[in-house]
Every structure is written in structure tokens, then in C-alpha cells.
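The values are calculated or read from the model by the stated rules, or taken from the named source; none is laboratory data. Bear in mind that the values here come from a model prediction, so they are computed numbers and not experimental data. Heads up, the Cβs are rebuilt from the backbone with ideal geometry, glycines too, and the neighbour counts pull from every protein chain shown. For accessibility, only protein heavy atoms count, side chains too; no ligands or nucleic acids. Shrake-Rupley method; radii C 1.70, N 1.55, O 1.52, S 1.80 Å.
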Amino acid sequence: MKAAIHKTIAQDYAFLKTPAVLYAVVTKAAQLGETFDYNDLVIHNDETGTSYRGHITAHWYEYTLQVVDRWGNIDGDFPPFPDIRSRIQLKTGAFVSVALAYGDTPAIIREVKL
């Protein structure tokens, strides 16, 4: 019974053996030409006390990530993850938390300090 369960998990649910959230280091970063907008913003001027409506146009970024352990050492059990797109602006060498929902393509959650 135990062997059958292990086999089923390995074959059909491999993502259950991997943590859902990992740490990674950015090994390559590139700004893309594609942009997105943050709309319906209210901008406040602290000096004058005035405010006005506006929006921000920003670029998408593409990263290569390498999984690390909780101390920032490269984890050789994982290959590098190339072509990870994000709205978050990061520099090479930054540490991030990464979600692996159902074992799919990693998604950057946020920058972290290890």
C-alpha cells in the first residue's frame, strides 16, 4: 500500500514533493519593451497639500532565477528558471520568494532579505 501511494505521488502529483514557495536569486534581469498601467491613482503633493488624479506606465521585466536555500546557497536540485516575467523591478543578485503553484512556471511573489 505504501509503495503504491509513493508511486502515485511521484507519477501524478510530483508537485507535492516540492515546497510551494522557494527562495531564489536573480541571475539575469532584462527590461522588456512591453508596458502596463496602474490606473485611477491619486497623487498627493506633501509640500503643497494638493492632490490630483493620474496613472503610472511601467515596464514588464524578465528574469532568470536560481533556487537557493534559506541561507542563500545555490540549491543544485533545481535547474535555473529562465524567462520568468514580472512587474516587479529587481536587480541581478536580489533574493526573491517564488511560488510554484501546482508545479507550474514559477511566479515571483516579492523581494526578500535572507
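Taking strands (runs of 3 or more DSSP E) that do not extend beyond the range 71-114, which have at least 1 residues that are more than 18 Å from residue 31 (Cα to Cα) and open to solvent by less than 50 Å² (accessible area, probe 1.4 Å)?
Working: elements: 81-86, 95-99, 107-112.
Counting at least 1 such residues, we get 95-99, 107-112.
So that you can scan it fast, the table gives a plain yes or no per residue for (1) over 12 Å from residue 86 (Cβ atoms); (2) within 20 Å of the chain's Cα centre (by Cα):
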position	(1), (2)
22	yes, yes
32	no, yes
39	yes, no
51	yes, no
58	no, yes
63	no, yes
67	yes, yes
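Got at least one residue in the range 51-68 being open to solvent by 80 Å² or more (accessible area, probe 1.4 Å), touching an Asp or Glu at 6+ places or on another chain (Cβ under 9 Å), in contact (Cβ under 8 Å) with a residue 24 or more places away in the chain and farther than 25 Å from residue 11 by Cα? No; the residues of the range 51-68 include none that is open to solvent by 80 Å² or more (accessible area, probe 1.4 Å), touching an Asp or Glu at 6+ places or on another chain (Cβ under 9 Å), in contact (Cβ under 8 Å) with a residue 24 or more places away in the chain and farther than 25 Å from residue 11 by Cα.
Taken as a whole, the condition of being at pLDDT 95 or above, outside any strand (DSSP E or B) and not hydrophobic (A, V, I, L, M, F, W, C) does not apply to residue 31.
Quick check on my filter: what residues within the range 1-35 are surrounded by fewer than 10 Cβ atoms within 10 Å (Cβ to Cβ) and among the small types (Gly, Ala, Ser)? The answer is 3, 4, 33. For the range 36-47, name all the residues that are β-branched (Val, Ile, Thr) and open to solvent by 70 Å² or more (accessible area, probe 1.4 Å). Result: 42, single match.
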